[in-house]
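What follows is one structure encoded as C-alpha cells, with my remarks underneath.
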Amino acid sequence: MNIDFQELADKYQTPYYVYDFDYITKQFNELKEAFKARKSLIAYALKANSNLSLIKHLAKQGSGADCVSIGEVKRALKVGIPAYKIIFSGVGKIDLEIKQALELNILMINVESEAELERIESIAKSLNKIVRISIRVNPNIDPKTHPYISTGLHENKFGVDINTAKRMYIKCKNSKSLEPVGIHCHIGSQLTKLEPLTEAISILASLLKNLKAIKIDISFFDVGGGLGIIYDNETLIDTQEYAQMILKELFGLDITIVCEPGRFLVGNCGFFITKVLYEKTNESKRFVIVDGAMNDLLRPALYNAHHKVELLNDNKDISDCNLVGPICESGDFFAKDIKLPSSQHNDLVAIYGAGAYCFTMSSNYNTRPRVAEIAIEAGKDRLIRQRETFEDLIALEEKFL
Ligand code: LLP
C-alpha cells in the first residue's frame with residue numbers, strides 16, 4: 001500500500017478516510033479461495049463499512065451481503081448484490097422491515113427469538129408468502145474478545161439456545177409460511193483464536209445432524225463473521241486453518257457454507273487522516289490536538305480500542321503525548337501515552353485499521369460534518385463520499401423553524 005496522504009489532503013482537505021480497494025479484493029479472494037473445496041457464499045457484513053462504492057466493489061467480486069437493517073438490504077440491492085445473496089439478521093426487526101424483506105425475496109431471514117418467528121410467520125401469512133428462515137443459535141461459548149463485541153454467550157442478547165432452536169425448526173417444518181433453510185451463529189468480533197469458533201461450529205453441526213434425523217434438511221450453514229485483524233501485534237487466525245476446520249466439522253453434510261466477514265475484508269484497507277492543529281503541554285502532559293475527533297472515529301473512546309498512529313513528519317525529537325480531538329469530552333482521544341515526534345501546524349497524522357466500524361459509527365456530535373471518504377484503486381484516487389456541509393446538517397430541522 002503506497003498512498004500519498006499529503007497529496008490527498010491537498011486535494012480533498014482533512015480529515016478524511018481513504019480505503020485501498022485492491023486490498024479488499026485481496027482479502028476477499030483469500031477467503032473465497034480457502035473455501036474453494038465447497039459451495040460457499042461470502043456475505044460481507046455491511047455494518048463494518050457500508051459506503052456504496054465500497055460495497056459495489058465487493059459486489060463485483062461476487063460478494064453477498066449480511067445486513068442488519070432494511071436500509072442495509074437496500075444499499076446492497078442498490079449496488080447490484082442479487083437478492084439471493086442477501087441475509088437479514090438482527091435481534092429486533094420491525095414489522096415494516098420484515099414485510100419489505102419478504103417482498104424483496106432475499107435469501108433468508110436470520111431469526112433470533114421465538115417471538116420474532118411468530119411475528120414473521122404472521123406477516124408471511126398475510127402476504128401469502130413462504131419465507132426462508134435461518135435460526136441464529138447462541139452456543140454459549142466465550143469467544144475471548146472485548147466484552148462489548150462478544151455475542152455468543154447466554155448472557156448476551158443474541159440468538160437462541162439449542163433447545164429453543166430445535167423447537168423453532170420444528171415449528172418452521174409444520175408451518176405453511178416458514179421454510180427452514182439455514183443455521184447461523186456469530187460468537188463475536190475481532191477473534192484471534194480458532195478454538196471458540198471450532199467449539200461453536202461443532203455444536204451447530206451436531207444440531208444439524210439431529211435435525212436431519214427428523215427430516216429437517218438445512219441448506220446453508222452460516223458461520224458468522226468475526227475474523228480478527230492487525231491493530232497492534234495480534235496473532236491472527238490463519239484463513240486456511242479456519243476454512244479447513246469448518247470443512248472438517250461439516251464433513252459429510254451437503255451444505256453451502258456462508259461466511260459473514262466485515263472487519264477482515266475492510267478493516268486494514270482504511271486509514272483516517274487528520275492534521276495537527278496545535279500542541280500544548282502542561283506540567284504533566286503533552287497534548288497533540290488534531291482536526292479529527294471521536295465523532296469521526298469512535299472506537300478508542302467507546303472500547304478503549306488501540307489504533308496504530310503515525311505522525312507524518314521527519315522530526316526526531318520523540319516524546320510521550322495524548323493524541324486528542326477538539327470535542328468537549330475527555331473521552332475524545334485517539335491514543336493515550338504514545339510516543340510521537342514534535343509536530344507543527346498542518347502536519348498529518350495517519351490512524352491505521354480505520355476501514356471497519358469507523359466511518360459507519362461516526363456522528364454529527366458538536367455539529368461536526370461527517371468527513372470525506374476516498375477510494376484508491378489501481379493507484380488512482382476518487383471521492384466516494386463528499387464531506388458534509390453545515391447546510392446538510394441542518395436540512396431536516398430548518399423547515400420547522
Ligand atoms: N455477522 C453478525 C451477525 C454480526 O453481528 C457481525 C458483527 C458480523 C457478522 C461481522 O463481524 P466481523 O467479521 O466484522 O467481526 N463496532 C464493533 C464491532 C461490532 C461487531 C458487530 N457484529 C467494533 O468497532 O469493534
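The values are calculated or read from the model by the stated rules, or taken from the named source; none is laboratory data. The structure presented is a predicted model; accordingly, all values stated were derived computationally and were not measured. In this analysis, Cβ positions are derived from the backbone assuming ideal geometry, glycine residues included, and neighbour counts consider all displayed protein chains. Ligands, DNA and RNA are excluded from the accessible area calculation, which covers all protein heavy atoms including side chains. Shrake-Rupley method; radii C 1.70, N 1.55, O 1.52, S 1.80 Å.
Structural remarks
- Across all Cα atoms of the chain, the radius of gyration (one decimal) and Dmax (whole number) stand at 22.6, 72 Å.
- Applying the Karplus relation 6.51 cos²θ - 1.76 cosθ + 1.60 with θ = phi - 60° to segment 305-314 yields 3J(HN,Hα) values of 5, 8, 10, 4, 10, 9, 8, 8, 9, 9 Hz, where x marks Gly and Pro.
- Accessible area of His146 (1.4 Å probe, protein heavy atoms only, ligands and nucleic acids ignored): about 60 Å².
- On a per residue basis, the convex hull of the C-alpha atoms belonging to segment 247-396 measures out at 193 Å³.
- Here the Gaussian network model covers the chain, with springs between Cα atoms less than 10 Å apart; of Pro261, Pro139, Pro341, Pro341 fluctuates the most.
- Proximal lysines relative to Lys280, as straight alpha-carbon distance under 19 Å, when same-chain residues fewer than 8 apart are discounted: Lys316, Lys336, Lys339
- Cross-link pairs beyond the 24 Å C-alpha cut-off, checked among Lys39/Lys212; Lys56/Lys193; Lys39/Lys380; Lys93/Lys308: Lys56/Lys193; Lys39/Lys380; Lys93/Lys308
- For the chain, the longest principal axis of the alpha carbon atoms and the long axis of helix 114-127 meet at an angle near 70°.
- Annotation: amide H-H contacts under 5 Å for Leu178 (H modelled 1.01 Å from N, sequence separation of 5 or more, or interchain): Val131.
- Angle between the chain longest axis and helix 239-249 axis [Cα atoms, degrees, rounded to 10]: 20
- Vicinal HN-Hα couplings computed from phi for segment 296-304 (Karplus, 6.51 cos²θ - 1.76 cosθ + 1.60; Hz; Gly/Pro x): 7, 9, 8, 4, x, 5, 7, 10, 6
- Residue-wise HN-Hα couplings along segment 318-330, as the Karplus relation 6.51 cos²θ - 1.76 cosθ + 1.60 with θ = phi - 60° gives them from phi, are 9, 8, 5, 7, 10, 9, 10, x, x, 6, 7, 8, 5 Hz; Gly and Pro carry x.
- Length added when fully stretched, Val91-Ile338, from 0.36 nm per residue minus Cα-Cα: 85.1 nm
- Relative contact order %, the chain, counting alpha carbon pairs below 8 Å whose residues are six or more apart: 18
- Virtual paramagnetic centre 7 Å along Cα→Cβ of Glu30, amide N under 13 Å, in segment 264-282: 264-270
- Relative to the dominant Cα principal axis of the chain, helix 21-34 is inclined by about 30°.
- Counting only residues at least eight positions apart within a chain, or on another chain, the aspartates and glutamates with an alpha carbon under 15 Å from that of Lys47 are Asp66, Glu72, Glu260.
- Along principal axes, Cα extents of segment 35-261, largest first, whole Å: 53, 42, 35
- Accessible carbon and sulfur surface of the chain relative to its total accessible area, %, 1.4 Å: 50
- Rounded to the nearest 0.05, the FRET efficiency derived from the C-beta distance between Asn174 and Asp314 at R0 = 45 Å is 0.05.
- For Lys129, solvent-accessible area (1.4 Å; no DNA, RNA or ligand), Å²: 70
- The magnitude of the dipole of the chain, with charges of +1 and -1 set on the Cβ of Lys/Arg and Asp/Glu and taken from the Cα centre, is near 1620 debye.
- Trypsin sites (Lys or Arg not before Pro) restricted to DSSP loop in segment 204-283 with at most 13 other C-beta within 10 Å: Lys215
- Accessible surface of Thr14 - all protein chains present, 1.4 Å probe, nearest 10 Å²: 20
- In this structure the chain gives 45 Å² per residue of accessible area when probed at 1.4 Å with all protein chains present.
- Taking segment 35-261 and dividing mean pair separation by its residue count, relative contact order in percent (alpha carbons under 8 Å, at least six apart): 20
- Positive dipole terminus of segment 35-261, leading residue within Leu117, Ile187, His154 (C-beta point charges): Leu117
- Only helical runs count toward this figure. For the chain, summing -39,500 (n - 2.57) over DSSP H runs of n ≥ 4 and dividing by all residues gives -9500 deg cm²/dmol at 222 nm.
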